[in-house]
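Structure first, commentary second.
No value in this document is a laboratory result; all are computed from the given coordinates. Everything quoted here is computed from the prediction, not taken from an experiment. As a convention, Cβ positions derive from the backbone with ideal geometry for all residues, glycine included, and neighbour counts pool all protein chains shown.
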Amino acid sequence: MEAVATTRTIPEIMSWYNGQNPGVLTNLYRLLNSGRLAGTGKLVILPVDQGFEHGPTRSFAPNPPSYDPLYHFRLAIEAGCNAYAAPLGFLEAGAADFAGQIPLILKLNSHDILQSEVDPMGAVTGSVKDALRLGCVGIGYTIYPGVKERRLQYEQARAIAEEAKDAGLVVVMWSYARGAELDGPAETAVDTITYAAQIACQLGAHIVKVKLPSDQVADSKSKSLIEKHGIKVGTLADRVNYVLRSSFNGRRIVIHSGGPAKGDAEVLDEIRAIRDGGGFGSIIGRNAFQRPWADALSFLDKVMGIYEGSIA
């Protein structure tokens with residue numbers, strides 16, 4: 001099967017969203033033309049929703065200065081990120097101090113880990129009105145394909161996406177497969193990740209965030225079809241490209257999460273695979289802000305260097 005193209009111009013990317021209103025197009029253009037990777041068609045976004053999602057100790061204890069909301073604005077700006085994404089509280093704490101200095105994305109729903117995560121259901125913790133008040137270019141929303149209440153999540157996501165688009169905001173959708181029917185390996189199987197990406201696209205996301213796919217195939221029917229049609233999934237770059245194929249044949253921006261903190265070599269190899277597979281970039285949180293300041297800047301410099309082509 002022919003791979004999806006791995007390079008695109010900004011005009012080409014913008015053409016995929018021609019049906020959107022001028023407000024959405026303006027904010028999408030700003031997102032693609034901000035920070036160090038401006039104009040490359042690549043994105044590196046700093047997300048700091050982990051304080052709500054995982055708790056402050058797990059999130060910020062490894063690097064105590066990161067308890068301060070303003071720390072993350074400064075890190076995203078200094079590193080040259082395309083955008084900074086966070087829940088309501090963190091953005092409210094610094095949006096006025098850093099107004100206009102970096103595109104902001106308000107994460108509109110969050111969940112905690114004080115109960116079992118088998119079937120997580122995020123609460124709506126921000127609004128489109130909040131995003132406009134804070135000067136955001138877009139909103140973020142998490143769905144969990146596979147959980148019991150997924151239909152309600154889909155309905156909520158569609159309604160919020162409609163409201164955001166009417167207000168001229170870009171819709172970024174986190175799509176993480178979970179649920180009692182999916183064991184740990186199945187959550188990141190290549191067929192699961194491609195399904196999660198497709199669902200987010202069908203719900204109207206402009207930008208889709210998914211985890212990196214493993215070489216496992218969870219569904220037997222999908223496995224047979226992958227083999228029958230010669231779909232390449234042997235390398236991480238192959239799998240990244242197939243996620244793009246499954247996201248409207250590459251006509252939607254797909255970025256990949258950095259996941260839990262890990263060693264530099266492993267993360268940078270993943271970044272190279274995303275680049276080589278044609279992925280649009282990364283949304284990297286813990287692997288960045290849990291490091292000391294200088295180390296975080298050095299790390300993000302390498303990530304962006306790989307995406308812009310200055311580092312092999």
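Step through the residues of segment 213-228 one at a time and calculate ³J(HN,Hα) from phi using the Karplus curve (6.51 cos²θ - 1.76 cosθ + 1.60, θ = phi - 60°), rounding each to whole Hz and writing x for Gly and Pro.
x, 7, 8, 7, 10, 7, 9, 5, 5, 5, 4, 4, 6, 4, 5, 4
Only four residue types carry charge here, +1 at the Cβ of Lys and Arg and -1 at the Cβ of Asp and Glu. Report the dipole size of the chain about the Cα centre in Debye, rounded to the nearest 20.
Working: 31 positive and 33 negative charges, 118 e Å.
Magnitude of the dipole: close to 560 debye.
Need the list of aspartates and glutamates near K262 for cross-linking: C-alpha distance under 16 angstrom, and skip anything on the same chain fewer than eight residues off.
List returned: E270, D295.
Mind telling me which of V118, V172, V190 comes out most flexible in a GNM of the chain, alpha-carbon contacts under 10 Å?
The residue with the greatest mean-square fluctuation here is V118.
Order of F299, F73 from fewest to most other C-beta atoms within 10 Å?
Values: F299 18, F73 24.
Lowest count first: F299, F73.
Among L28, L70, L43, which one moves the most in a GNM of the chain with springs linking Cα atoms closer than 10 Å?
Comparing L28, L70, L43 in a Gaussian network model of the chain, the most mobile one is L70.
Rounded to the nearest 500 deg cm²/dmol, what is the calculated helix-only ellipticity per residue at 222 nm for the chain, with -39500 (n - 2.57) per DSSP H run of length n ≥ 4? Numbers along the way, then the final one.
Details: 15 runs with 136 residues, N = 312.
Rounded to the nearest 500, the figure is -12500 deg cm²/dmol.
Between M14 and R133, what is 0.36 nm times their sequence separation minus the Cα-Cα distance? Round to one decimal in nm. If you can, show how the numbers build up before the last one.
Numbers: separation 119, 0.36 × 119 = 42.84 nm, distance 2.55 nm.
Working it through step by step, the gained length comes to 40.3 nm.
Using the Cβ atoms and a cut-off under 11 Å, what net charge is assigned to the surroundings of G259, where Lys and Arg are +1 and Asp and Glu are -1? List each step's numbers first, then the result.
Numbers: positive: K211, K262, R286; negative: E266, E270.
Once all neighbours under 11 Å are counted, the net charge is +1.
Students often get this wrong, so check it: of K42/K228; K209/K302; K148/K223; K165/K211; K165/K232, which have C-alpha atoms separated by over 29 Å? Could the numbers behind the result be given before it?
Numbers: K42/K228 33 Å; K209/K302 21 Å; K148/K223 25 Å; K165/K211 25 Å; K165/K232 35 Å.
Pairs exceeding 29 Å: K42/K228; K165/K232.
Given 4 °C and 1.567 mPa s, how large is the Stokes-Einstein diffusion coefficient of segment 1-107 in µm²/s, with Rh as the Kirkwood radius over Cα pairs?
Translational diffusion coefficient: 85 µm²/s.
Considering every Cα-Cα pair within segment 166-312, what fraction, in whole percent, is farther apart than 25 Å? Kindly include the intermediate steps, with their values, before the conclusion.
On the way: 3269 of 10731 pairs.
Result for the distance tail: 30 percent.
Return the percentage of antiparallel bridges among DSSP beta bridges fully within segment 10-303, rounded to the nearest 5 %.
Around 5 percent of the beta bridges assigned by DSSP in segment 10-303 are antiparallel ones.
Checking the a/c ratio against 1.5 first, then a/b against b/c, what shape does the Cα gyration tensor give for segment 50-131? Kindly include the intermediate steps, with their values, before the conclusion.
Values: a/c = 2.37, a/b = 1.36, b/c = 1.74.
Note, shape of segment 50-131 comes out oblate.
Which cross-chain or sequence-distant (5 or more) residues have an amide H under 5 Å from the amide H of I253, H modelled 1.01 Å from N in plane?
V208
I need E308, E187 ordered by Cβ neighbour count within 10 Å, fewest first.
On the way: E308 16, E187 21.
In order of increasing Cβ crowding within 10 Å: E308, E187.
Once each part is reduced to its C-alpha centroid, what is the distance from segment 143-165 to segment 227-242 in angstrom?
29 Å
Can you pull a Stokes-Einstein diffusion coefficient for the chain at 4 °C (1.567 mPa s), Rh from Kirkwood over Cα pairs, as a whole number of µm²/s?
Values: Rh = 19.4 Å.
Estimated diffusion coefficient is 67 µm²/s.
Could you state the number of Å between the C-alpha centres of segment 1-75 and segment 247-278?
13 Å
Using the count of nearby Cβ atoms within 10 Å as a rough guide to exposure, how do Y29, Y195 rank from fewest to most? Let's see the in-between values first.
Details: Y29 17, Y195 20.
Fewest to most other Cβ atoms nearby, the residues stand as Y29, Y195.
Hey, quick one: spin label on E266, modelled 7 Å out along Cα-Cβ, who in segment 42-63 has an amide N within reach, i.e. under 18 Å?
Those under the cut-off are 59, 62.
With an 8 Å Cα cut-off and a minimum separation of 6 or more residues, compute the relative contact order for segment 10-303 in percent. Walk me through the numbers before you get to the answer.
On the way: 581 pairs, mean separation 50.0, N = 294.
The value is 17 percent.
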